[in-house]
1. Taking the stretch 244-262 on its own, how many of its residues are part of a helix (DSSP H, G or I), exposed (fewer than 12 other Cβ atoms within 10 Å of the Cβ) and in contact (Cβ under 8 Å) with a residue 12 or more places away in the chain?
2. Please find, among 228, 210, the residue that is assigned to a strand (DSSP E or B) and either without any contact (Cβ under 8 Å) to a residue 24 or more places away in the chain or loosely packed, with under 15 Cβ neighbours inside 10 Å (or both).
3. I'd like to check something: does the stretch 137-157 contain any residue that is surrounded by fewer than 22 Cβ atoms within 10 Å (Cβ to Cβ), in a loop (DSSP other than H, G, I, E, B) and touching a helix residue (DSSP H, G or I) at 6+ places or on another chain (Cβ under 7 Å)?
């Protein structure tokens, strides 16, 4: 098959692949073929086909590997983030064998087209193809990617679809790959995650009175109810009203907004995680003072 027909075949099975001109490079590893959408770009998403299901079988589903761990002698259990089915757990049979086709495909931060079958919570992976379209994550960006995955594994219920969050995840990986400031990128994703899962309070109105938040007032944010004016005995982080309004607008240019939003999101995530530690966040704190 020539290069043009190969690329056409990849696009056909990649309903969320970005579509600027592909840059082909030589080499036996198909993952060296990349699409660069330019600095700070959000990858445009192709109009995608509906997920195909036959009985208990799903095919051609856009997905990313969040986490995997050994299962029996030769297999893996793989946690996937999928666009139309949310977080799913699948058995990848034989994936640990040296010559398994799945061995090199089931990598984190690589766009996949996946299929599976079964009725139980733990189903069987039947197909996974690498489809490309994103630059690889490196150095600090790579660690940030693992932080995103840990958040998704711990905060997303299985089989709870969030298509908008999936698209936000794709955009966030792209921003990290293009070396946009990690603290800002992470704050935006954390906020989107809480909103999409339905646990984020409205940051623009006081929880008790429903009056608009004022930029010049200090607040604390109740994880369930939202902001209220700070009191002297409050133990929760104090946040300026301006910071809350900036976060709602996704405007993190003010250094004070960056610093206060960091403390606020750490507080909110700890509450929603019931105090469970985030291993990658601690590493990021140590390295970057996030």
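1. 0
2. Numbers: 210 fails: assigned to a strand (DSSP E or B).
Answer to the check: 228.
3. yes
Every number here is computed from the coordinates shown, using simple stated rules; none is lab data. This one's a predicted model, so the numbers in the text were calculated from it and none came from an experiment. Here Cβ is always computed from backbone atoms with ideal geometry, including for glycine, and neighbour counts include all displayed protein chains.
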